[in-house]
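Have a look at the structure below, then the notes.
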Amino acid sequence: MEIKRMKNWQPLEKRPFRYKKVAMQFFCPLCRTERAITTGHRLSILNYAQIILLTGLVTALSFPWAGFKGLAAFFPIWLGFESVRRMLFSKEVPCPHCGFDASWYKRDVKVARKRVEEFWAEQQGHIEPISTQEPNLEAAVE
Ligand SMILES: [Zn+2]
């Protein structure tokens, strides 16, 4: 990578914000910030419960004319949940500090590189001098 690092580069976060549920925890391979992702790889049991409830509702509403065919609504509802989960997940993956996107890195390294370059090009506009003070993480959570 052709990224010039600032002198005395410090990760912006020593530890991730206190997420309630952490599905994945790792260090950003590019800037070494500790990262946490809250969206899981799979739908949670709660999600499945919601899908079943929704299917039940659709089946009940369409029962007078569709009968138990309404149960087929399970599949589109399930797909809907899956795609929302995927969208949330891919939104969480890119590092907020250097733009490194691990999911793109797996699929296409060139795209991942371009993403990081774009991220830094955008940063050029509003770079502020790094303060020597420890960022107040507790306040940021609020
Ligand atoms: Zn990073």
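The values are calculated or read from the model by the stated rules, or taken from the named source; none is laboratory data. Here the structure is a predicted model, which means the values were calculated and not measured. Every residue, glycine among them, receives a Cβ derived from its backbone with ideal geometry; neighbour counts consider all protein chains shown.
Counting the residues of the range 21-69 that are outside any helix (DSSP H, G or I), among the aliphatic types (A, V, I, L, M) and under 15 Å from E82 (Cα atoms) gives 1. Could you say whether any residue in the range 103-126 is assigned to a loop (DSSP other than H, G, I, E, B), more than 16 Å from the ligand (Cβ to nearest atom), exposed (fewer than 13 other Cβ atoms within 10 Å of the Cβ) and modelled with pLDDT under 85? Scanning the range 103-126, I find at least one residue that is assigned to a loop (DSSP other than H, G, I, E, B), more than 16 Å from the ligand (Cβ to nearest atom), exposed (fewer than 13 other Cβ atoms within 10 Å of the Cβ) and modelled with pLDDT under 85, so the answer is yes. Looking only at the range 72-79, decide whether some residue is part of a helix (DSSP H, G or I), surrounded by 10 or more Cβ atoms within 10 Å (Cβ to Cβ) and either within 16 Å of the ligand (Cβ to nearest atom) or modelled with pLDDT under 85 (or both). No; the residues of the range 72-79 include none that is part of a helix (DSSP H, G or I), surrounded by 10 or more Cβ atoms within 10 Å (Cβ to Cβ) and either within 16 Å of the ligand (Cβ to nearest atom) or modelled with pLDDT under 85 (or both). Taken over the range 92-102, the residue count meeting the criterion of being in a loop (DSSP other than H, G, I, E, B) and more than 10 Å from the ligand (Cβ to nearest atom) is 1. Checked against (1) surrounded by 13 or more Cβ atoms within 10 Å (Cβ to Cβ); (2) under 30 Å from V109 (Cβ atoms), F27 passes all but condition (1). The listed residues are T55, T39, and the only one of them that is in contact with a helix residue (DSSP H, G or I) (Cβ under 7 Å, 6 or more places away or on another chain), at pLDDT below 90, more than 17 Å from C98 (Cβ to Cβ) and surrounded by 14 or more Cβ atoms within 10 Å (Cβ to Cβ) turns out to be T39.
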